[in-house]
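What follows is a short report on a single structure.
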Amino acid sequence: MTRMFVAAVPPAEAVAHLDEFLAVRRDAAAYRWTVPDQWHLTLAFAEEVPGRALDAVSEGLQHAVGKRRSIRARLAGGGAFPHPDSAKVLFARLDTDEAGRAELDLLAAGCRTALARAGARVDGQRFRAHLTLARLGHPENVTSWVRLLDAYEGPEWEVDEVALVASYLGEGPRRRPRHEVVETHHLA
């Protein structure tokens, strides 16, 4: 069994832009900041994917992703889960137009369906397009961080592919997850 997710990965230019914005600010909070080279927008997550299911996952993703068109987007604004007054996660929002949001929702639904049909246990939480920036050890008020992020607007890019990623907990630097891209699939 392998922990896996399907994600849209921002291009290096978008990652560098947001990283530069946060670089001078990170020391102001003792959060567990995510590593920029692992930044991604999770479309579907499965805690356990049986090894025998990988071919079916690949075929399902190819079919689901191939039906969707590319999306113009940017990282802009911020938020927190479950909410800013008592947050456990601080995130950057994905900004796109109404048609892009609808396409992204359909893409996420297709990716979840592909994993589930292959026999993986899929996270059933409602899809919300975001990029996790930090995790907090205990609930905390992050309203000032959300306001700061609301002033951020990154460069626009084309979401034109998704990656199937294997995630190995505790195997990365400083006991963080190690992510390994298994394959990529291109949108129509």
Original post:
Which residues, counting only those in segment 3-39, are buried (at least 19 other Cβ atoms within 10 Å of the Cβ) and either more than 23 Å from Glu158 (Cα to Cα) or hydroxyl-bearing (Ser, Thr, Tyr) (or both)?
Top reply: Met4, Thr34
**OP:** For segment 34-48, name all the residues that are in contact with a strand residue (DSSP E or B) (Cβ under 7 Å, 6 or more places away or on another chain) and within 27 Å of Arg101 (Cβ to Cβ).
**Re:** Thr34, Gln38, Trp39, His40, Leu41, Thr42, Leu43, Ala44, Phe45, Ala46, Glu47
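Checking the conditions here, which among Ala14, Ala73 is touching a Leu at 6+ places or on another chain (Cβ under 8 Å), outside any helix (DSSP H, G or I) and in contact (Cβ under 8 Å) with a residue 12 or more places away in the chain?
That would be Ala73, the only listed residue that is touching a Leu at 6+ places or on another chain (Cβ under 8 Å), outside any helix (DSSP H, G or I) and in contact (Cβ under 8 Å) with a residue 12 or more places away in the chain.
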Subject >> Residue, nearest to Gln62 (Cα to Cα), within segment 1-42, restricted to residues that are within 9 Å of the chain's Cα centre (by Cα) and among the aliphatic types (A, V, I, L, M) >> reply: Val6
Original post:
Out of segment 49-85, which residues are in contact with a strand residue (DSSP E or B) (Cβ under 9 Å, 6 or more places away or on another chain), farther than 20 Å from His179 by Cβ and of a type in the set (A, V, I, L, M)?
Top reply: Ala64, Ile71, Ala73, Ala76, Ala80
Original post:
Within segment 50-61, is even one residue assigned to a strand (DSSP E or B) and either under 18 Å from the mean Cα position of the chain (by Cα) or of a type in the set (Phe, Trp, Tyr) (or both)?
Top reply: no
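Where a number appears in this text, it was derived from the coordinates with a stated rule and is not lab data. Keep in mind the model is a prediction, meaning the values are calculated, not measured. Cβ sites come from the backbone with ideal geometry, for glycine too, and all protein chains shown count toward neighbours.
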